[in-house]
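We did not get these values from a lab; they are worked out from the coordinates using the rules stated. Predicted, not measured: the structure shown is a model, and the values here were computed from it. Here the Cβ is made from the backbone with ideal geometry for all residues, glycine too, and neighbour counts use every protein chain on show.
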Amino acid sequence: MNAGEFLALLAQGLILLLTLWKLIEWVRRRGSARLDVVLLLLTLAISVGLNWVETHTSVDVGILQHAVPLAVLLHPLLMLRLVGHFRTVPRWIGGLVILGAVTNWGLLLATPAPFARQGVFAVCVIFALSLLYGARALVAGARHAQSVVRHRMSLLSAGAIVVVLLASLHAVVLLASLHALTFAVDDIPHVALLTKVGLLTAAVLYSLGLAPPPWLSRAWQQADVQHFLGAASGSAGESAERTLIRLCKTARHAVGGQAVALARWNEKRNRLELELRGERALVGGPLPADGLVARQWTFRRPFLADDRKQVREACLRMAPGLDCTAMLGVPLITPSHVWGLLIVFLRRSPGLPEEDLRLLALVTEHTAVLLDHAALVESLRREISELRGEPVLDEDTHDES
């Protein structure tokens, strides 16, 4: 086994393991974003698996060998679906990518043998241009993202760019071969080696982008958490109201939400009560006990709700002015006090929900501690004022003024 064969085998194994991992994850935790990730990886895993069976075994795959290029050609389309979880994709762009995939299928299946190279050249060009938009959209989305999501989108876009470069390289070689008519792509050692190295690079980048090690994700999150804590420590004696306002702004920016709300826990009435906090699209008041949010609150842990029907019903009650199809919720709880629930309204299901929830959980955990501190300071201030016989100014009145 030479170096090229080893690199190819390593890339194939990495793609198959990553696909299996994400498939198991989707089976355990259903979700539209996880499904799109699985479908994206399956376009590569199907081709890798069939190619490995055909190359390393005596099994005749027969007509299934045509599934290898057909599956790969769906990659730009499914990449575009994944991009849709991070940013809005114009319909005409989606239509062009679908048209490109259908055209490529037609070229592969219907191009006459004398024009096979011309057909493959056209396929490579259309494939590269289609995937290039997805890579560009991921790069643009990474600029506006935060923490782990930004790094993972950057790695995923880098992997897509590598695939685009490989397709472009083969298109250039095919164009040259059409003029010379004396050689094929596989006859050029450097191109074959570059292809195998590029496939391994793309596999590694996809793996880090779609399933980074936990220690790497935590390292990425440290900067954002430290920035949040730095802002909080620079505001000594800050009121609970201002702490919550900063939390809502941070949460909205971190996950790209349409709006952020805080549902306070009313212990006396045993219910959540939605607070407005300047969000015009929200409707305040107590939340129904049989609603989506109240049911999730029962478990007192972070959650993602992306069932379109349930989320739309909940949004009609809390935020009828928003077109949201997913929600993130993170409790604000300390051992001494239950403050409530932070709710982020999203236009579409997040592409990386675990990282969004982990970052929000870290921020809300520190915010809950700050709220405990602010409540303690306020209690001491009131007691001192009462001992001195001074009138106690209500905090809410002071903030509104």
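Between Arg252 and Ala361, what length in nm is gained on full extension when 0.36 nm per residue of separation is reduced by their alpha carbon distance?
Extra length available between Arg252 and Ala361 comes to 37.9 nm.
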Projected label distance in nm at Arg28 and Ser336, using a 7 Å step from Cα toward the beta-carbon: 3.6 nm
Förster radius 35 Å - calculated FRET efficiency between Ala67 and Trp215 (Cβ-Cβ, nearest 0.05): 0.40
Potential extension, Arg295-Thr88 segment - 0.36 nm per residue separation minus Cα distance: 71.5 nm
Theoretical FRET efficiency, 1/(1+(r/R0)^6), r = Cβ-Cβ of Leu380 and Ala116, R0 56 Å, to 0.05: 0.10
Per-residue Cβ neighbour rank within 10 angstrom, fewest leading, Leu74, Leu244: Leu74, Leu244
For Glu354, net neighbour charge (Lys/Arg +1, Asp/Glu -1) across residues whose Cβ lies under 11 Å away: +1
Label-point gap, in nm, between Leu387 and Asp372 - each point 7 angstrom along Cα→Cβ: 2.4 nm
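When a/c is below 1.5 the answer is rounded, else prolate if a/b is larger than b/c, else oblate, so apply that to segment 313-360 with a ≥ b ≥ c taken from the square roots of the Cα gyration tensor eigenvalues.
Details: a/c = 4.13, a/b = 1.38, b/c = 2.98.
The shape class here is oblate.
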Label-point separation in nm, His144 to Thr103, each point 7 Å along Cα→Cβ: 2.8 nm
His373, His337 arranged by Cβ crowding within 10 Å, fewest neighbours leading: His337, His373
Proxy reagent accessibility, fewest Cβ within 10 Å first, across Thr243, Thr334, Thr88: Thr88, Thr334, Thr243
Potential lengthening between Leu17 and Arg347 on full extension [0.36 nm per residue; Cα-Cα distance subtracted]: 115.6 nm
In segment 263-351, the GluC sites (Glu not before Pro) that fall in loop regions by DSSP, at most 11 other Cβ within 10 Å: Glu267
Around His144: net Lys/Arg minus Asp/Glu count, Cβ-Cβ under 13 Å: +4
